[in-house]
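Participant: Input: one structure, supplied below.
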Amino acid sequence: MKIILTGGGTAGHCVPNLALVPELTDRGFEIKYIGSYDGIEKRLVENAGIPYFGISSGKLRRYFDLKNFSDPFRVIKGFGEAFSILKKERPDVVFSKGGFVSVPVVRAAGMLKIPVVIHESDMTPGLANKLSYGAASKVCCSFKDTLKLLPEGKGVFTGSPIRTSLLSGDRQRARAFTGIREGDYPTILIIGGSLGAQHVNEEIRQILPELLKEFNVIHLCGRGKLDPTLNSMEGYVQYDYIDKELPDLFALSDIIISRAGSNAIFEILSLKKPNILIPLPSESSRGDQILNAKAFEKEGYSYLLMDGDMNRESLMKAIHYVSGHRLEYIEKMENAKETDAVDTICDLLCKTAGH
């Protein structure tokens, strides 16, 4: 069996695809990937040893930008390239995690009568996935409430696929890697997505002197967002990006502070880590992270701190609250109904591929 995975623009559109790879391989699938020429997905996929095809892509914007006039031509070019690749490769099924690069791939697959399965991570469907519905056989989703927003007869609640490697972290390896101080200091891990979260970075740095009296802090800042002047602070380490050591850092962490992208929050849930979610504000996104975070707050999995409400006082209050209620958050997450979606999605892909 042959499958082509697609999705890109952010790590969140690629990492869930990679979470499926071990199980798809075990089931006998030959796996290849279509992404953009130079998006973050290219590096992630090639590092995983998966054959990669790059195509032209344009961003799908809801706002005015001069690039809106040129990007349609990039999308048309990308469609032609995707059509040629799919016609040559002839996969049994295409699986899309969304993002702007996936649209020409999915539409080309539809024209070639190649079955397509889409996965929607967020509470409300993104524009790229909406444009792809017509060519899809099934549309998977991470939240049950999303089903009512999907085309009738196509929606399937699967949950979100999680990388099993994240569950195999080791605290001692993390201590050796980070050189973080020993002692009775709980560890806070701060993550802001593949690009980092500048506002979160700024507020965390403001409270570091106070925070480090009680906690160790591991700070994943995002590329180009390191502050070398902080390197001498005892109990604090910062990195622009972490790859293979991430499971160990998760294992060492007692509290996680994160943006609220779907991929990130479901990984945190699977790890049963007490957490503070600071979703991207609606001015900087379509508001999907806010809905994701509110859903997790409602279930008792997360403490929600809105970006506009974040300051030194509210951030310290959130950290102290979560620290004092760690066991309650862990109990809620241990009883979560959401389960890892890898087996469910792979079963669906096998069925859709006709095997």
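Any read-out appearing in this document is the output of simple, stated calculations on the displayed coordinates, not a laboratory observation. Given the structure is predicted, the values throughout are model-derived calculations rather than measurements. FYI the Cβ positions are ideal-geometry reconstructions off the backbone, even for glycines, and counts take in every protein chain you see.
Participant: Using just the helices of the chain, give the 222 nm mean residue ellipticity in deg cm²/dmol: DSSP H runs with n ≥ 4 each add -39,500 (n - 2.57), and the total is spread over all residues, rounded to 500.
Facilitator: -12000 deg cm²/dmol
Participant: Now for a different question. Can you give the extra length, in nm with one decimal, that the chain gains between K2 and M316 once fully stretched, where that is 0.36 nm per residue apart less the Cα-Cα distance? If you can, show how the numbers build up before the last one.
Facilitator: Values: separation 314, 0.36 × 314 = 113.04 nm, distance 5.04 nm.
The span from K2 to M316 would gain 108.0 nm if fully extended.
Participant: Find the lysine pairs in the stretch 220-315 meeting two conditions, Cα atoms under 24 Å apart and a separation of 8 or more places or different chains, and report how many there are. Walk me through the intermediate numbers first.
Facilitator: Working: K225/K244; K244/K272; K244/K273; K272/K294; K272/K298; K273/K294; K273/K298.
Pairs that pass both the separation and distance tests number 7.
Participant: Would you work out the charge dipole size for the chain about its Cα centre, treating the Cβ of every Lys and Arg as +1 and the Cβ of every Asp and Glu as -1, and quote it to the nearest 20 debye?
Facilitator: Working: 44 positive and 44 negative charges, 286 e Å.
Roughly 1380 debye, rounded to the nearest 20.
Participant: Could you give the length gained on full extension between S232 and D347, defined as 0.36 nm per residue of separation minus the Cα-Cα distance, in nm? Spell out each step's value before the answer.
Facilitator: On the way: separation 115, 0.36 × 115 = 41.40 nm, distance 5.04 nm.
In short, 36.4 nm is gained.
Participant: Now for a different question. Determine, at each q value in 0.11, 0.14 (inverse angstroms), the log₁₀ of I(q)/I(0) that the Debye formula gives when each Cα of the stretch 165-334 is one equal point scatterer.
Facilitator: The calculated log intensity ratios at q = 0.11, 0.14 Å⁻¹ are -0.40, -0.67.
Participant: Only Lys, Arg, Asp and Glu count, each charged at its Cβ (+1, +1, -1, -1), so figure out the dipole size of the stretch 85-134 about its Cα centre, rounded to 20 debye. Provide the component values of the computation, followed by the final result.
Facilitator: Working: 7 positive and 4 negative charges, 55 e Å.
With only Lys, Arg, Asp and Glu charged at Cβ, the dipole is about 260 debye.
Participant: Of all trypsin sites (Lys or Arg not before Pro) in the stretch 126-185, which ones are in loop regions per DSSP and have a Cβ with at most 14 other Cβ atoms within 10 Å?
Facilitator: Taking the stretch 126-185 and a limit of 14 other Cβ atoms within 10 Å, the loop trypsin sites (Lys or Arg not before Pro) found are R181.
Participant: Please list 35-42, 344-351 highest first by mean number of surrounding beta-carbon atoms within 10 Å per residue. Present the calculation step by step, with values, prior to reporting the outcome.
Facilitator: Numbers: 35-42: 20.5, 344-351: 19.0.
Descending packing order for the listed peptides: 35-42, 344-351.
Participant: Using +1 on the beta carbon of Lys and Arg, -1 on that of Asp and Glu, and nothing else charged, what's the dipole of the stretch 277-355 about the Cα centre, debye to 20?
Facilitator: Details: 9 positive and 14 negative charges, 22 e Å.
Computed about the Cα centre, the dipole is about 100 debye.
Participant: Moving on. In straight Cα distance, which aspartates and glutamates are under 18 Å from K138, not counting same-chain residues fewer than 8 positions off?
Facilitator: Cross-link targets: D92, E120, D122, E152, D343, D347.
Participant: Continuing with the same structure: Residue separation times 0.36 nm, minus the C-alpha to C-alpha distance between D240 and D170: what's the value? Don't skip to the end; give the middle numbers.
Facilitator: Details: separation 70, 0.36 × 70 = 25.20 nm, distance 2.09 nm.
In short, 23.1 nm is gained.
Participant: What residue among F266, F215, F177 shows peak mean-square fluctuation when the chain is described by a Gaussian network model with Cα springs under 10 Å?
Facilitator: F177
Participant: While we're on this one: For the pairs K87/K337; K42/K337; K113/K148; K97/K148, note any where the Cα-Cα span goes beyond 30 Å. Walk me through the intermediate numbers first.
Facilitator: On the way: K87/K337 40 Å; K42/K337 33 Å; K113/K148 26 Å; K97/K148 19 Å.
Cα-Cα > 30 Å for K87/K337; K42/K337; rest within.
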